Every structure is written in structure tokens, then in C-alpha cells.
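K.L.:
One structure coming up, written as C-alpha cells, with questions to follow.
Bear in mind these aren't lab numbers, they're just calculated from the coordinates by the rules spelled out. None of the values given here were measured: they were computed from a predicted structure. All Cβ positions, even for glycine, are placed from backbone atoms using ideal geometry, and neighbour counts span all protein chains on display.
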Amino acid sequence: MNALPLSLLPDTATIGEKGQLIIGGCDTLELAEQFGTPLFVYDEAHLRARCREAVAAFGVGVNFATKAFLCKAMARLAAEEGCNLDVSTGGEYHVARAAGVPADRLVLHGNNKST
């Protein structure tokens, strides 16, 4: 099996002494032992950097698509880094507002649009 190029992983990803994947300083084997698998591991530093990169490239109109992943921590992170939040359901709106994202930073749209 070929090794996965580190360029496809978060910025902080490294390979540990035993060949294990380290993300954000966390040993993923230890995380799997502690929390079980499957396990989603998000690297806050990487997410913040990508948000800042998008805002720097495109300006203040960058919208984070909450359908990609949404919880209060992610909503707060994206807003702190200058992104607006794209919401399409009452649930997404509620999570964003509960995270402290001001309503004027939310872009509301509907599903199933047709002419």
C-alpha cells in the first residue's frame, strides 16, 4: 500500500515514531482507543487557516457552507475567522445563533428552488 501524501492531510499532520498519524499533536491511534472508530478528527488550526485563506483571497463575502459540517464550535470558528455562514434550514440557523453568530452574518437560502 502506498503512503498517503501528507499534502492531503491537515497542515499539522505528521507521522509518529511508530508510523502512526499525528494530527494537531494528537496521536490518532490513542484517539481511536479512547473514543472508538469510526472517529472524525478535526484540526482547529487547519480549519482556521483555511477560513483565513479564503477570506484573504475573496474578501468579506466568503460563506461557510454549514451543510459541510455544523456544530456550535464550527459555527463560532468560521465566524471568528471572517466567514459568514450559509444556512438553509431552521436547525442550521438555530445552531449558528446559539453559537453567537450575529444574524447579519447568516446567509439564508432555501432548498428545492425551481422556476
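K.L.:
Taking the chain as a Gaussian network, Cα atoms linked when under 10 Å apart, which of Cys51, Cys26, Cys83 shows the biggest mean-square fluctuation?
P.N.:
Residue with maximal mean-square fluctuation among Cys51, Cys26, Cys83: Cys26.
K.L.:
Given a 10 angstrom Cα cut-off, can you work out which residue in Gly100, Gly36, Gly25 is the most mobile in a GNM of the chain?
P.N.:
Fluctuation is largest for Gly36.
K.L.:
Which log10 I(q)/I(0) values, to two decimals, does the chain give at q = 0.13 Å⁻¹ under the Debye formula with one point per Cα?
P.N.:
-0.63
K.L.:
Using the Cα centre as the reference, give the magnitude of the dipole from point charges on the C-beta atoms of the chain (Lys, Arg: +1; Asp, Glu: -1; all else neutral), rounded to the nearest 20 debye.
P.N.:
Once rounded to the nearest 20, the dipole reads 480 debye.
K.L.:
Tell me which residues come under 5 Å, amide H to amide H, from Val107 once H is placed; ignore anything under 5 positions away on its chain.
P.N.:
When sequence neighbours closer than 5 places are left aside, the close amide H contacts are Leu85, Asp86, Val87.
K.L.:
Label 7 Å along Cα→Cβ of Ala65; segment 83-115 residues with amide nitrogen under 16 Å?
P.N.:
84-89, 107-113
K.L.:
Assuming R0 = 25 Å, can you tell me the calculated FRET efficiency for the pair Lys72 and Asp27, based on Cβ-Cβ distance, to the nearest 0.05? Intermediate values should be presented prior to the final figure.
P.N.:
Working: r = 26 Å, r/R0 = 1.05.
FRET efficiency, Lys72 to Asp27: 0.40.
K.L.:
Sum -39500 (n - 2.57) across every DSSP H segment of at least 4 residues in the chain, then divide by the residue count to get the 222 nm mean residue ellipticity, nearest 500. Could you put the intermediate results ahead of the total?
P.N.:
Values: 4 runs with 41 residues, N = 115.
The helix-only estimate for the chain comes to -10500 deg cm²/dmol at 222 nm.
K.L.:
Out of Thr12, Ala45, Tyr93, whose Cα points farthest toward the positive end of the dipole of the chain (charges: +1 Lys, Arg; -1 Asp, Glu; placed on Cβ)?
P.N.:
Tyr93
K.L.:
Oh, and also: Find me the longest stretch of the chain that has none of the exposed trypsin sites (Lys or Arg not before Pro), where exposed means in a DSSP loop (not H, G, I, E or B) with at most 15 other Cβ atoms within 10 Å.
P.N.:
On the way: sites that count: Lys18, Lys67, Lys113.
Answer - 19-66.
K.L.:
Nearest 20 debye, what's the magnitude of the dipole of segment 1-67 about its Cα centre given +1 on Lys and Arg Cβ and -1 on Asp and Glu Cβ? Display every interim value, and only then the final one.
P.N.:
Values: 5 positive and 8 negative charges, 72 e Å.
The calculated dipole for segment 1-67 is roughly 340 debye.
K.L.:
Expressed as a fraction of 2.2 N^0.38 Å, the rule-of-thumb size for a compact globular protein of N residues, what is the C-alpha radius of gyration of segment 44-108? List each step's numbers first, then the result.
P.N.:
Values: Rg = 10.6 Å, N = 65, 2.2 N^0.38 = 10.7 Å.
Normalised Cα radius of gyration, segment 44-108: 0.99.
K.L.:
How much FRET efficiency would the formula 1/(1 + (r/R0)^6) give for Asp11 and Phe40, where r is the Cβ-Cβ distance and R0 is 22 Å, rounded to 0.05?
P.N.:
Working: r = 17 Å, r/R0 = 0.79.
With R0 = 22 Å, the Cβ-Cβ based efficiency is 0.80.
K.L.:
Could you give me the ³J(HN,Hα) list for segment 100-107, computed from phi with Karplus coefficients 6.51, -1.76, 1.60 and θ = phi - 60°, whole Hz, x at Gly and Pro?
P.N.:
Rounded to whole hertz, the list is x, 6, x, 4, 6, 9, 9, 10.
K.L.:
Roughly speaking, what is the centre-to-centre gap between segment 75-108 and segment 2-28 when only Cα atoms are used, to the nearest Å?
P.N.:
Result: 31 Å between the Cα centres.
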